[in-house]
Amino acid sequence: MQKLTFARWPFDRKADHVIRIGRSPKTQADFVDDIARLATVFSQIEAKRVALFLDDSYSFICVLYACLAEGKTAVLLGSRKSAVKTQSSLFDIAVTDGEANDARFYSLHRLRENPPKVISPVKSDARIVLYTSGSTGEPKAIVKTVSQMDREAAVTAELFADALQGTVLAGCVDPTHLYGLTFSVWLPMTLGTPLFGRRLVSQEDFLNVPGPISAVTTPTFLKYLDSTLCPVTARFVLSAGGKLEPKAVKKAHDFFGCSISEIYGSTEAGVIGVRQLDVADTQTPWHFCPGISPIFEDATGVTIHTPLTDSGKFTLEDRLSLKKDGTFTLLGRRDRIIKIGEERISLDEINQVIQKHLGFSSYALGIVRGNQQRIGVVVEDPDGNTFDRKNTASYIRELRGYMPTAALPRFWRVVTQFPVNDRGKLDCKQMEALFDATVR
């Protein structure tokens with residue numbers, strides 16, 4: 001299998017190589033022509049920071065290459081609605097395949113009407129700026145160079161190249177976040193794996209994907225799979241971005257017909273760990289990705305060696321339990337530990353105890369009332385008949401033998417579905433709002 005770096009994507013494959021499969025197939029020849037036409041526009045625009053708001057992976061790739069080839073910086077902000085309202089200072093112009101109803105937005109369809117120009121390979125130090133909210137909720141800029149993304153593609157190709165061979169890649173992830181950028185853009189283009197049309201938004205969309213599928217998904221998407229729909233044939237299913245529950249693994253296995261590969265990583269560090277899950281097993285330990293290994297562990301956490309950062313190392317925000325065989329398990333985030341009185345309380349461990357002994361999916365957090373901090377828990381009850389609001393006293397009695405008194409929940413809230421953000425991750429701010437002082 002021929003593997004290409006980003007710079008060579010438009011140059012080193014045959015003209016009839018298929019890049020996109022679907023209603024509007026695209027070949028390598030189309031790819032080169034589309035990039036050349038877009039490059040004409042970018043060469044005439046003085047703006048340096050170009051935001052990309054594109055649902056179609058193929059179009060995203062064309063715009064990304066053209067703007068970087070013309071010396072621009074690609075800015076990836078995620079939600080367009082949010083960006084226009086609150087993050088407009090972070091970009092100069094934007095390209096969209098939707099409605100261009102803002103003065104700084106350019107319609108992709110109109111840009112393609114320009115004559116083509118000769119394009120040059122993108123330089124390895126070309127910059128892509130992603131924004132992640134992290135634990136603060138405020139946008140934080142993370143700069144990735146083309147060279148860094150190529151190195152990450154080399155690592156992921158070592159893991160998954162064989163699995164992707166002979167498949168069509170279909171994803172429900174946003175390429176403006178690192179997970180989507182890595183696995184729905186960089187990896188398939190590096191390997192030459194065909195893409196399927198636009199980003200998929202529903203389970204039914206997978207029924208339209210021809211041939212063996214490689215599916216790039218999220219825990220939230222897998223969690224809400226409908227078991228009554230006809231299954232599809234997949235050779236490879238990937239999930240990342242949050243906790244994958246046993247029920248979600250079982251649903252994914254039944255619908256796609258294969259085991260689930262799970263990636264652990266971060267926007268700052270890239271991919272870190274990988275594991276493969278069968279049926280409803282979520283206790284399988286993680287393996288470090290190729291070229292990545294722990295260096296040391298101290299009070300600040302585990303520091304890893306990684307070729308994916310400029311410094312060659314990174315201190316993780318998650319707590320790990322390192323095993324003698326080189327594997328590890330995740331213990332939760334370091335910023336999910338709070339102190340109540342003299343007790344250090346792990347909010348993630350509270351969730352684990354509740355799941356094990358009460359059978360509820362929960363999200364624990366620290367709630368301040370007056371000058372005191374107590375534990376609040378949001379319980380997810382999709383059917384509305386599992387959690388008994390009048391029975392919280394018995395729940396607390398049940399938990400009392402498995403956690404310190406300070407960790408016992410004092411406030412309970414129930415939702416039919418945990419709120420999530422545009423990345424499919426739990427929306428912590430919405431969770432906190434459920435415990436507003438005015439809400440009893």
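The values are calculated or read from the model by the stated rules, or taken from the named source; none is laboratory data. Source: prediction; values computed, not measured. Here the Cβ is made from the backbone with ideal geometry for all residues, glycine too, and neighbour counts use every protein chain on show.
Residues considered: V146, V185. Of these, the only one that is buried (at least 22 other Cβ atoms within 10 Å of the Cβ), touching a residue at least 60 places away in the same chain (Cβ under 8 Å) and over 17 Å from the mean Cα position of the chain (by Cα) is V146. When the strands (runs of 3 or more DSSP E) confined to segment 121-238 are screened for residues that are in the same structural domain as L277 (by TED's automatic domain parsing) and in contact with a Cys (Cβ under 9 Å, 6 or more places away or on another chain), those reaching at least 2 such residues are found at 213-217. Could you list, in sequence order, the residues of segment 250-294 that are touching a His at 6+ places or on another chain (Cβ under 8 Å) and outside any loop (DSSP other than H, G, I, E, B)? Matches in segment 250-294: I260, G273, V274, R275, S293, P294. The test for being acidic (D, E), over 30 Å from V173 (Cα atoms) and in contact (Cβ under 8 Å) with a residue 24 or more places away in the chain does not hold for E349. Number of residues in segment 407-425 that are of a type in the set (A, V, I, L, M) and at pLDDT below 90: the value is 1. Annotation: of all residues in segment 99-117 being surrounded by fewer than 14 Cβ atoms within 10 Å (Cβ to Cβ) and free of Cβ contacts under 8 Å to residues at least 12 places away in the same chain, the one that is nearest to V63 (Cα to Cα) is R110. Filtering T392, T386, T416, T405 for residues that are among the hydroxyl-bearing types (S, T, Y), more than 25 Å from the chain's Cα centre (by Cα) and within 30 Å of D226 (Cα to Cα) leaves a single hit, T386.
Remark: pairs (first residue in segment 35-60, farther than 16 Å from G197 by Cα and touching a residue at least 40 places away in the same chain (Cβ under 8 Å); second residue of a type in the set (D, E) and buried (at least 20 other Cβ atoms within 10 Å of the Cβ); Cβ separation under 7 Å; 6+ apart in sequence or on different chains) = A39/E70; S43/E70.
Cβ-Cβ under 6 Å, sequence separation 6+ or interchain: first residue in segment 253-265 and among the polar types (S, T, N, Q), partner assigned to a loop (DSSP other than H, G, I, E, B). Which pairs? Between residues of segment 253-265 that are among the polar types (S, T, N, Q) and residues that are assigned to a loop (DSSP other than H, G, I, E, B), the close pairs are S259/D278. Among the residues examined, F411 qualifies as of a type outside the set (S, T, Y), closer than 18 Å to F435 by Cα, in the same structural domain as N351 (by TED's automatic domain parsing) and not in a loop (DSSP other than H, G, I, E, B). If only residues of segment 295-313 that are part of a loop (DSSP other than H, G, I, E, B) and not hydroxyl-bearing (S, T, Y) are counted, the one that is surrounded by the fewest Cβ atoms within 10 Å (Cβ to Cβ) is A299. Pairs linking a residue in segment 296-324 that is at positive phi to a residue that is of a type in the set (S, T, Y), with Cβ atoms under 8 Å and 6 or more positions apart or on different chains, are G301/T315; G312/T306.
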